[in-house]
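Student: After the C-alpha cells below, expect a handful of questions from me.
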C-alpha cells in the first residue's frame, strides 16, 4: 500500500474548507520522517515519442532537407526548386534502389549558360548552427566537374556555407558523393540549400539526384543522429526511459500503413518510409536502430511498442484475430530477435551486418496502443494473450505492458508481472482531482502512465503545469505501483502542428527552443529523485498545497505545488539536514505561458538554510518547488 499521510484520511474536503483560513494565516508544517518508507521506481520519469508535429522528420532527427528521397507512391516536388535555365521533375525511370524508386531529374536547356542547379527549403527553413555540416547524395549523369553546395539566406542572399565538390559521374549508374564543410551560424531559419554547377558543362542533358541528405554536427556525434539543440533539451531532463515509436504512429491508419520495423533498419537507401499517421510522410531515417542509439546516448531504458493487429479506430478498422494474427506475431518475434539475438540467429546476424555487434538491452515491450479506444477493446484480451504467450515463451525476462488499464478490455486473468498503460489528457482541475487515485490501487499490477498532460490550450499554462505537478506528486507518492510516467506529446515544430499543447516547441531558427512551463516541471521532478518515498507528517490537509518527500544519495528531496491564487508558507523539518537548494517556478497569472513569442516563466534557484531545524519556504501563487537538502 502507499504511504497514506495524515492529510489523505477521509473527510479531506471538509478539512480543506475548515483549515483554508488557518493555513493562510499560520502556514503549513511538514515533518519528513527518517524511518521506513516505500521504494520508489528508479525509472519513474521518461519520454514518450512518436513522429507528430514534425517532431522526427524536421525535428529531432538530424537530417535537415524535406522530401529528400521523394518517397511514397506519388511523390511531388514539395520543398524543391530549380536554378537558372533548367527545370526539375520527379523521375521514376532511374531508381536508386527498390526502396527509393524515384529520383530528382534536372533538365538543362540546350545552350544554357551561367549557373543551374536544385534547391531545397528544408522543413520551413534550415537551422544553420555554425557546426560542420555533412552532405550525402547520389548522382547519375555524365559530369566531370565541380558542384557547389551552399546554404543561403532566403531573400537576403547571405551565404552561410559554400563548398565545392569534385564530381565524376556517368549516365549508367548512380555515384555516391559525400562531403563535410564549415558553416556560419544564421540568425534565423529562413535559409535554403542549393546544389549548383556551370550550365555549360551539362547544357542539353539531364542529371539525376537521389536521397540528398544534409546533417549538422549531431548529438554525441552519432552517425545519422539527432539534432543537438533538441536532444540537449531532453538530455537535461535526466529521463529514465523512451517509449517508441508511438502512439498512433505505431498503429497506422490501416494494416498496410502500420510501422514496420524491418523497413526502418539498415542503410537509409533501403528504407522506403511510410505515410505517417499524422498527415505527412515519414522517411524512417529515424528508425529502430536510431531509437536504441538515442536510448544509449541518453542512458534511457527502451520501451518498445509493437503492432498487435489493430489500426487506428478513426479508420473504422476491424481488428485482426485468431489464426490471422500469426504473421504479425512472427513479425514481432523477428523484431525481438533483431534486437536481442546473437550473431548465430538470422535477425541477430542482420543487426550485426548493419553495424551493431552487441544486442540492445531491451527490457520492456508494450503490446499495441490505446486498445481501449474505438473497436479495439472487445478483442484486445484475445490479441494481448496471443502476443504475450509467444513473446513470454521466447523472452521470459521481458516486462510486458498492456496498452490499456480498462478491465473490460483485458483478459480475465492478467499474467503475473504484466504492467498496464493508462493515458490521461485532462483539465488542470481534473489532474488535481486525480491526486490520490493510486493511493489504494492493487499493488500486484503495476501502472505505466504512458501519456498525460493538460489539454484544451495551445501552450502549457502555469495553472495546468501546477496541476500536472500535483498529479505527479500523487504518482510519486505511489511510485511503488506507478512504475513510469511520460508527458505527451514531446516535441512540436511550430510551422506544422497537429496536437496541442506539447512539452517543447521549436522553429528552424538554430537557437530556437521553447521550454514550456510543463518542461520545467518535468525537469525539476525528474532531475531530483530519491530511491525511497518517505512519510510526511503534517498539521494540514492536502490542498491547495501538495507535497511528497524522498531520500537517496544522502539527500532529501521535497517537492511542493501550490495550486492556488494565494501565496502559502511551508515549514519543513528534515532530519539532520540544515542546508539545501531550492528550485522554484511561479507566476501570479494562471494563464502565463512560455510561447514562441514570450518566455515569462523560468526556474529560480536559491540556497536555503534551516532555522531551528526548519526550512521555511514561501510558495507564491501557482508555483512548483523542489527542495534538495543535503
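Student: Take residue 570 and decide whether it is in contact with a strand residue (DSSP E or B) (Cβ under 8 Å, 6 or more places away or on another chain), in the same structural domain as residue 551 (by TED's automatic domain parsing), crowded, with 19+ Cβ neighbours inside 10 Å and in a strand (DSSP E or B).
Tutor: Yes.
Student: Just the residues that are surrounded by 18 or more Cβ atoms within 10 Å (Cβ to Cβ) and assigned to a loop (DSSP other than H, G, I, E, B), please, taken from the range 510-534.
Tutor: Passing the criteria: 510, 516, 528, 529, 530.
Student: Still on this structure: Would you point out which residue out of 474, 464, 450 is part of a strand (DSSP E or B) and either closer than 20 Å to residue 550 by Cβ or in contact with a strand residue (DSSP E or B) (Cβ under 7 Å, 6 or more places away or on another chain) (or both)?
Tutor: Result: 450 is the single residue among 474, 464, 450 that is part of a strand (DSSP E or B) and either closer than 20 Å to residue 550 by Cβ or in contact with a strand residue (DSSP E or B) (Cβ under 7 Å, 6 or more places away or on another chain) (or both).
Student: Looking at 505, 485, 531, 549, which one is over 20 Å from the mean Cα position of the chain (by Cα) and more than 22 Å from residue 619 (Cα to Cα)?
Tutor: 531
Student: With 599, 630, 591 as the choices, which residue is surrounded by fewer than 21 Cβ atoms within 10 Å (Cβ to Cβ) and closer than 30 Å to residue 554 by Cα?
Tutor: It is 630.
Student: Something else: Residues of the range 201-233 being touching a strand residue (DSSP E or B) at 6+ places or on another chain (Cβ under 9 Å) and at positive phi, which ones?
Tutor: Result: 204, 211, 220, 224.
Student: Given the range 153-268, what strands (runs of 3 or more DSSP E) lie entirely inside it while holding 2 or more residues that are in the same structural domain as residue 490 (by TED's automatic domain parsing) and closer than 30 Å to residue 318 by Cα?
Tutor: Filter on the range 153-268 gives 241-244.
Student: Still on this structure, please answer the following. For the range 373-408, which residues satisfy the criterion of being without any contact (Cβ under 8 Å) to a residue 40 or more places away in the chain, within 27 Å of the chain's Cα centre (by Cα) and more than 22 Å from residue 363 (Cα to Cα)?
Tutor: Once the filter is applied, which keeps residues that are without any contact (Cβ under 8 Å) to a residue 40 or more places away in the chain, within 27 Å of the chain's Cα centre (by Cα) and more than 22 Å from residue 363 (Cα to Cα), the range 373-408 yields 377, 406.
Student: Can you tell me which residue within the range 602-620, out of those that are at pLDDT below 95 and outside any strand (DSSP E or B), is surrounded by the most Cβ atoms within 10 Å (Cβ to Cβ)?
Tutor: Out of the qualifying residues, it is 613.
Student: Kindly indicate whether residue 326 is touching a strand residue (DSSP E or B) at 6+ places or on another chain (Cβ under 9 Å) and either outside the structural domain of residue 94 (by TED's automatic domain parsing) or closer than 28 Å to residue 218 by Cβ (or both).
Tutor: When the stated conditions are applied, residue 326 does not pass them.
Student: Take the conditions surrounded by fewer than 18 Cβ atoms within 10 Å (Cβ to Cβ), at pLDDT 95 or above and closer than 30 Å to residue 296 by Cβ and apply them to residue 42. Does it pass?
Tutor: yes
Student: Which one of 173, 190 is free of Cβ contacts under 8 Å to residues at least 60 places away in the same chain and at negative phi? Steps first, please.
Tutor: Working: 190 fails: free of Cβ contacts under 8 Å to residues at least 60 places away in the same chain.
Selected residue: 173, the only one of 173, 190 that is free of Cβ contacts under 8 Å to residues at least 60 places away in the same chain and at negative phi.
Student: Consider residue 502 carefully, then state whether it is touching a strand residue (DSSP E or B) at 6+ places or on another chain (Cβ under 7 Å) and either crowded, with 24+ Cβ neighbours inside 10 Å or not in a helix (DSSP H, G or I) (or both).
Tutor: Judged against the criteria, residue 502 is a match.
Student: Would a scan of the range 242-263 turn up a residue that is touching a helix residue (DSSP H, G or I) at 6+ places or on another chain (Cβ under 8 Å), crowded, with 17+ Cβ neighbours inside 10 Å and without any contact (Cβ under 8 Å) to a residue 60 or more places away in the chain?
Tutor: yes
The values are calculated or read from the model by the stated rules, or taken from the named source; none is laboratory data. On a predicted model such as this, the values are computed, not experimentally measured, just so you know. So basically every Cβ, Gly included, is an ideal-geometry build from the backbone, and we count neighbours across all protein chains shown.
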